[in-house]
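In what follows, a single structure is set out as structure tokens and then discussed.
The values are calculated or read from the model by the stated rules, or taken from the named source; none is laboratory data. Because the structure is predicted, anything quoted here is derived from the model rather than measured. All Cβ positions, glycine included, derive from the backbone under ideal geometry; neighbour counts span all protein chains shown.
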Amino acid sequence: MIIGTPLSHNATKILLLGSGELGKEFAVEALRLGIEVIAVDSYEFAPAQQVAQRSYVIDMKNGQQIKNIVYREKPDFIVPEIEAIDTLMLLELEKEGFTVIPSAKATNYTMNRIGIRRLAAEEVGLKTSSYRFASDIETYKKAVKEIGLPAVVKPVMSSSGKGQSIVKSEDQIEKAWYYAQENARGKGGEVIIEEFIDFDFEITLLTVRTQDQGTLFCEPIGHIQVEGDYYESWQPQPMSPVALEKAKDMAKKITDALGGYGIFGCELFVKGDNVWFNEISPRPHDTGMVTMISQNMSEFEIHLRAILGLPIDIKMIATAAASYCFHAPDWGVAPVYEGIEKALSIPDTKIRIFGKPTTRPKRRMGVVLTTGNSIEEARKKAKEAANRIKVLI
């Protein structure tokens with residue numbers, strides 16, 4: 001791998017499609033290796049745009065606008081950071097010779113839950129919950145009846161749990177349909193209805209496809225979601241050796257099917273020694289932000305190294321670690337943060353403020369990272385530190 005000089009004729013360029021908090025940390029890692037970063041998003045001053053050498057604001061679902069930027073910048077790597085992108089254009093650009101990370105196939109499959117679920121369950125043969133798809137409310141109601149209550153309802157196009165509901169009673173069925181419609185990303189209003197799995201816990205298994213080292217894994221990450229959105233995570237999540245081997249086998253099979261190089265966030269349900277595939281993201285995962293304090297290499301550095309074909313050696317450097325998010329209370333512009341010194345007075349604590357220029361109710365604005373002698377201690381410290389930070393608008 002040869003890396004040129006940023007802002008020069010021989011620069012090694014990464015075009016980042018999506019510039020949120022995960023993109024920001026990835027951009028920082030790229031800048032450390034002298035890579036030129038062009039950050040693209042649908043709004044101005046997105047987190048990664050604040051650190052990149054150059055930025056663009058476009059409609060991310062407009063393939064022609066993406067193509068125009070790619071032709072202008074001629075990046076060495078196109079790195080999607082979000083799902084809400086015209087993935088068909090990425091397939092076209094890949095055919096023209098541009099490198100899409102991890103692959104255009106992976107981004108196209110994982111943006112749409114129909115594609116990834118059918119790939120996992122019907123082609124790869126992974127164990128999943130029972131599921132149905134519906135594009136109108138009558139078909140949806142019939143599907144819920146077939147699956148049975150409780151059931152999980154999600155838009156087929158969304159991320160980070162947006163639009164997800166657990167339907168426990170008859171009176172919640174219609175509400176879940178409209179909630180999914182209102183929070184869907186991309187084009188179309190189709191939903192997936194899934195059997196509710198009574199699991200012990202859910203993990204993210206960060207899975208790395210490399211050019212020369214095969215498939216690598218981080219220690220499993222446990223996490224909690226509120227209304228489908230990540231609030232806290234911890235590493236390592238204790239689980240039986242049998243379940244861990246099953247999880248690794250599932251993650252390797254699905255990532256091999258998707259192809260390319262980079263890190264994948266594979267979400268799995270675990271109950272005893274049983275494991276079910278849930279979802280996968282072909283990029284760093286929000287629950288994986290805990291790796292910024294738990295490992296010698298964060299998920300962002302690992303993703304970059306896998307893309308560049310550089311050596312990767314993953315080690316836990318903490319007995320236990322945890323992350324806990326803090327959120328905005330309401331709509332606003334240019335928020336301010338207080339309580340930082342109180343939060344950092346808790347030992348072994350770090351804070352990442354994402355720098356988002358606007359707020360909305362429950363919008364994730366930053367994360368606290370902590371270590372401890374046990375998962376329980378790390379989680380307690382992270383939550384306490386996060387609760388000391390106030391987002392003022």
| What number of residues within segment 367-389 are free of Cβ contacts under 8 Å to residues at least 60 places away in the same chain and closer than 28 Å to GLU44 by Cβ? | 1
| query | Given the conditions (1) under 23 Å from ALA318 (Cβ atoms); (2) in contact with a Phe, Trp or Tyr (Cβ under 6 Å, 6 or more places away or on another chain), and given that GLY265 satisfies all but one, which numbered condition is not satisfied? | reply | (2)
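Just to be sure, is LYS127 buried (at least 20 other Cβ atoms within 10 Å of the Cβ), in contact (Cβ under 8 Å) with a residue 60 or more places away in the chain and on the phi < 0 side of the Ramachandran plot? Lay out the reasoning, then the answer.
Details: buried (at least 20 other Cβ atoms within 10 Å of the Cβ): no; in contact (Cβ under 8 Å) with a residue 60 or more places away in the chain: yes; on the phi < 0 side of the Ramachandran plot: yes.
Judged against the criteria, LYS127 is not a match.
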| remark: Within segment 136-170, residues surrounded by fewer than 16 Cβ atoms within 10 Å (Cβ to Cβ), of a type outside the set (S, T, N, Q), in a loop (DSSP other than H, G, I, E, B) and out of contact with any strand residue (DSSP E or B) (no Cβ under 9 Å at 6 or more places or on another chain) come out as ASP136
| When THR99 is evaluated against the numbered criteria (1) in contact with a strand residue (DSSP E or B) (Cβ under 9 Å, 6 or more places away or on another chain); (2) within 25 Å of ARG363 (Cβ to Cβ), which criterion, by number, is the only one it fails? | (2)
| request: Return the only residue of GLU138, GLU170, GLU94 being of a type in the set (Asp, Glu), at pLDDT 90 or above and closer than 30 Å to ALA306 by Cα. | output: GLU94
| note | Conditions (1) of a type outside the set (Asp, Glu); (2) surrounded by fewer than 24 Cβ atoms within 10 Å (Cβ to Cβ); (3) under 13 Å from ARG209 (Cβ atoms) -> ASN278 fails only (3)
| Residues of segment 281-298 satisfying the condition of being surrounded by 22 or more Cβ atoms within 10 Å (Cβ to Cβ) and of a type outside the set (Ser, Thr, Tyr) | PRO282, ARG283, PRO284, HIS285, ASP286, GLY288, MET289, VAL290, ILE293, GLN295
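Hey, could you check segment 23-43 for residues that are of a type outside the set (A, V, I, L, M) and within 21 Å of the chain's Cα centre (by Cα) and say which is surrounded by the fewest Cβ atoms within 10 Å (Cβ to Cβ)? It would help to see each step written out before you state the result.
Kept after step one, since they are of a type outside the set (A, V, I, L, M), are these residues of segment 23-43: 23-26, 29, 32, 34, 36, 41-43.
From what is left, the residues that are within 21 Å of the chain's Cα centre (by Cα) are 23-26, 29, 41-43.
Working: GLY23: 29, LYS24: 24, GLU25: 25, PHE26: 29, GLU29: 20, ASP41: 23, SER42: 15, TYR43: 12.
Restricting to residues being of a type outside the set (A, V, I, L, M) and within 21 Å of the chain's Cα centre (by Cα), the top hit is TYR43.
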| remark: Note on segment 106-135: residues modelled with pLDDT of 90 or more and either out of contact with any strand residue (DSSP E or B) (no Cβ under 6 Å at 6 or more places or on another chain) or among the basic types (Lys, Arg) (or both) are ALA106, LEU119, GLU122, GLU123, VAL124, GLY125, LYS127, ARG132
| strands (runs of 3 or more DSSP E) wholly inside segment 202-264 containing at least 2 residues that are surrounded by fewer than 16 Cβ atoms within 10 Å (Cβ to Cβ) and hydrophobic (A, V, I, L, M, F, W, C) | 221-226
| note | For GLN49, the lone unmet condition from (1) in contact with a strand residue (DSSP E or B) (Cβ under 7 Å, 6 or more places away or on another chain); (2) assigned to a helix (DSSP H, G or I); (3) surrounded by fewer than 19 Cβ atoms within 10 Å (Cβ to Cβ) is (3)
